[in-house]
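Visitor: Below is a structure I'd like to ask you about.
What follows draws every value from the coordinates through simple rules; no lab data is involved. Note that this is a predicted model, so its numbers are computed, not measured. A quick note on method: Cβ atoms are made from the backbone with ideal geometry, for glycine too, and the neighbour counts reach across all protein chains shown.
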Amino acid sequence: MKIKSFLAKPFASYIHKQIKKGMETAVQDQQAVFNNLIKAAAKTEFGKEHGFADIKTYEDFIKQVPIRDYEAFKVYIERIKEGKHNVLWKGQPIYLAKTSGTTSGVKYIPITKDSIPNHINTARNALLCYMAETGNTKFADGKLIFLSGSPELERVGGIPTGRLSGIVNHHVPKYLRSNQLPSYPTNCIEEWEEKLDKIVEETINQNMTLISGIPPWMQMYFDRLMEKSGKKISELFPDFSVMVQGGVNFEPYKAKLYESIGKKIDCIELFPASEGFFAFQDSQHAEGLLLNTNSGIFFEFVPAAEIFNESPTRLSLKDVKVGENYALIINNNAGLWGYNIGDTVKFVSTNPYRLIVSGRTKHFISAFGEHVIGEEVEAALLKAAEEEKVQVTEFTVAPMIAQDAGKSYHEWFIEFENTPEDISRFANKINENLRSKNVYYDDLIAGNILQQLKISPVKKNGFIDYMKSIGKLGGQNKLPRLSNDRKIADELKRYIQN
């Protein structure tokens, strides 16, 4: 056994035991986090404006602090960018994470000295839990891909600023630096396809044991490797045993990724964002991701149907229920307060608190009152694909609104790895699956308000070409599963299969 894998064993066991203990004290830990946050921020501009000195309970907090999205927070971020101190959190952020918002353009998310451990330690803990549970520590001795945006940072208001993944790249532990790929110069390449080619060149002859990234990126990487070598990934990298992924639902990509690898390997799912690292897969055997209840973030949960109400119901962890769809609201030690991150979650367990990411608050279709969410369309498609032995590369759904009653429908843009024998039958299966998942959609179909959905097959690499055309190919960029308008759909018409 090599030194890194040998030393990892006792450390993994220790951290795993600590996390197990934390499962029993999650509600108490959340209360302690809440108390610490309010106390620490009482003298900040935000804390003074919102009467933090008078807040004693969560109920007080709800009265004092409204739910906000980035647009409503922007006034505070602008003050930080001007170089002001003690705005949202004590002192100044040590970084600003630059991210593209779907409605806000470029967003600047503060990361503080107090919040950076949340981003670093959670990813580490996920790997250590995996090691402790499975006994697989061997991958620590091989080469590991931590794909990131460029680690080169600019300065905004004197604060180092860049993509979160590029910021985190600066905090990879020294003992992993010699294992890390791609190289620093390659990670600094901005043009995605040039970067991907260089990553392939640097890794194709290496002993890759762990590969991490969002699923669409990993698939592009695997495709390029197979094209160059003529081999499956497990033939190229016989010791490749752990895949770490997050950012989008894994299920639609899983079958094709495993086929590209040539065998099933262990997978660790993460739920990170620029605003915080919220949850991680702590077990290969339990459903869902363990909520990060003792890492500087106090969570709130709003029933998803109420998120755009003026005074929505706000729940702390102790009041959540299994199976309910909640908008996730965070308060953290980077100074985000009542912050709507835009994701919805469902708890699959409350002992311990494990959840799945069910969609985005702004990514749904309700052009006709159906309020179809991402989790429903993904489940409907995957069930049909499994029955028809079809592999889907990528997809998105948009409403097609016609002028005459009964003529409107949902249009599904799907890129197939292997096209269904009968595309009408395939569409019918998806339609029936969706009807069984969503009672409103079912009513609209039954009432002849909506026609059955229609599939527009997208040509091979059509989605890649579309993302390239809008300057969002690769890295952490994700295609919305659902849109409530035709902006993406109308652009995708150029990529339909003839």
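Visitor: Separation between the residue 258 and residue 74 pseudo-spin-labels, each 7 Å from Cα along Cα→Cβ, expressed in nm?
Guide: Each label point lies 7 Å from its Cα, and together they span 4.5 nm.
Visitor: Let me ask something additional. At q = 0.08, 0.13 Å⁻¹, what base-10 log of I(q)/I(0) does the Debye formula yield for the chain when every alpha carbon is treated as an equal point scatterer in vacuo?
Guide: -0.51, -1.41
Visitor: I've got another one for you. Excluding same-chain residues fewer than 8 positions from residue 493, which lysines have a Cα within less than 16 Å of its Cα?
Guide: 454, 459, 460, 468
Visitor: Sticking with this one: So for the pair residue 49, residue 197, with labels modelled 7 Å out along Cα→Cβ, what separation do we get in nm?
Guide: Inter-label distance under the simple model: 4.8 nm.
Visitor: Take the cross-link list 113/318; 231/478; 321/383; 20/478; 143/232; 17/113 and give me the ones stretching past 21 Å between alpha-carbons.
Guide: 113/318; 231/478; 321/383; 20/478; 17/113
Visitor: Based only on Cα atoms, what Rg/Rh ratio does the range 123-222 have, Rh being taken as Kirkwood's radius?
Guide: Reported Rg/Rh, Kirkwood definition of Rh: 0.99.
Visitor: Using only the alpha carbon atoms of the range 1-150, find the Kirkwood hydrodynamic radius as the inverse mean reciprocal pair distance, in angstroms to one decimal.
Guide: For the range 1-150, the Kirkwood estimate is 18.6 Å.
Visitor: Just the number, please: Stokes-Einstein D of the range 181-315 in µm²/s, Kirkwood Rh from C-alpha pairs, 25 °C, 0.890 mPa s.
Guide: 143
Visitor: Just to confirm a number: summing +1 for Lys and Arg and -1 for Asp and Glu over residues other than residue 322 whose beta-carbon lies under 13 angstrom from that of residue 322, what do you get?
Guide: Its environment carries a net charge of 0.
Visitor: A follow-up question, please. Straight-line reach from residue 437: which aspartates and glutamates fall under 18 Å, measuring Cα to Cα and dropping same-chain residues less than 8 apart?
Guide: Candidates past the 8-residue exclusion: 251, 324, 370, 375, 376, 378, 386, 387, 411.
Visitor: Given a Förster distance of 51 Å, report the FRET efficiency between residue 454 and residue 39 from their Cβ-Cβ distance, rounded to the nearest 0.05.
Guide: The formula returns an efficiency of 0.35 here.
Visitor: Add +1 for every Lys or Arg and -1 for every Asp or Glu among the other residues with Cβ under 9 Å from the Cβ of residue 86, and state the total.
Guide: Counting the neighbours of residue 86, the net charge comes to +2.
Visitor: Can I ask one more? How long are the three semi-axes of the equivalent ellipsoid of the range 49-129, in whole Å, if each is the root of 5 times an eigenvalue of the C-alpha gyration tensor, listed from largest down?
Guide: 24, 20, 15
Visitor: Now for a different question. Using only the alpha carbons of the range 436-498, what is the convex hull's orientation-averaged projected area in square nanometres?
Guide: 5.9
Visitor: I would also like to ask the following. Which distance in nm do the two modelled labels at residue 227 and residue 491 give, with both placed 7 Å along the Cα-to-Cβ direction?
Guide: It is 2.1 nm.
Visitor: So, with +1 on the Cβ of K and R and -1 on the Cβ of D and E, and no other charges, what is the size of the charge dipole of the range 202-311 about its Cα centre, to the nearest 20 debye?
Guide: For this selection, approximately 660 debye.
Visitor: Here's a follow-up. Quick check on the chain: helices-only [θ] at 222 nm, where DSSP H runs of length 4 and up contribute -39,500 (n - 2.57) each and the sum goes over total residues. Nearest 500, please.
Guide: -11000 deg cm²/dmol
Visitor: May I pose another question? Arranged from highest to lowest average of other beta-carbon atoms within 10 Å per residue, in what order do the peptides 209-221, 253-265 appear?
Guide: For the peptides 209-221, 253-265, the packing ranking is 209-221, 253-265.
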